[in-house]
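The values are calculated or read from the model by the stated rules, or taken from the named source; none is laboratory data. Model, not experiment: these values are computed from the prediction. Virtual Cβ from ideal backbone geometry, glycine too; neighbours counted across all protein chains shown. With ligands, DNA and RNA removed, areas are computed over all heavy atoms of the protein, side chains included. Shrake-Rupley method; radii C 1.70, N 1.55, O 1.52, S 1.80 Å.
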Amino acid sequence: ALDNQSETVTITSAGAGDELKITINGTEFTSGVLAGLQNEGDAGDTIEAAIIADAAINALVTVTNDRAGGLIITARNPGVPFSLTTELATDNGNGASITRENRCSASASSTHRLVVRQDLRVRHGRRG
């Protein structure tokens, strides 16, 4: 069976002056430049809303938001991959980062069992 690709995006230590971006299949989604007391949770919320608002990308993926800078982006359909990149577009010195980790690729997964059987027969003796 084919799997649904799933990527975890983690935004940490974001603050005023930082801008974070996610690009899915060539379409860029940005947090905008954060201001005031905005943080990684606000950045994640803005990016999530932008993904949902984009009809083409929203038809391809779902977004689960932990409201603390963590987003899980999952393909809606098994076996339909998508590309995803992350970028800290503007670093205002807050120590912000945005990373991605593949949780599951869109390939087929299966379990294979290999049975190795060894049947050695040694015959000794003379014919005579």
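Some observations on this one:
- Qualifying residue in region 31-38 (condition: under 17 Å from the mean Cα position of the chain (by Cα) and buried (at least 16 other Cβ atoms within 10 Å of the Cβ)): no
- Filter pass, Glu48 being touching a residue at least 12 places away in the same chain (Cβ under 8 Å), under 17 Å from Gly95 (Cβ atoms), open to solvent by less than 60 Å² (accessible area, probe 1.4 Å) and acidic (Asp, Glu): no
- Hits in region 5-29 - residues which are open to solvent by 50 Å² or more (accessible area, probe 1.4 Å) and not acidic (Asp, Glu): Thr10, Thr12, Ser13, Asn25, Gly26
- With respect to the conditions (1) open to solvent by 40 Å² or more (accessible area, probe 1.4 Å); (2) at negative phi; (3) within 19 Å of the chain's Cα centre (by Cα), Leu60 falls short on a single one, namely (1).
- For Ala68: the one exception among (1) open to solvent by 40 Å² or more (accessible area, probe 1.4 Å); (2) in contact with an Asp or Glu (Cβ under 8 Å, 6 or more places away or on another chain); (3) in contact (Cβ under 8 Å) with a residue 40 or more places away in the chain; (4) not basic (Lys, Arg): (3)
- Filtering region 13-28 to residues that are touching a helix residue (DSSP H, G or I) at 6+ places or on another chain (Cβ under 9 Å) and under 14 Å from Thr90 (Cα atoms) leaves Ser13, Ala14, Gly15, Asp18, Glu19, Leu20, Lys21, Ile22.
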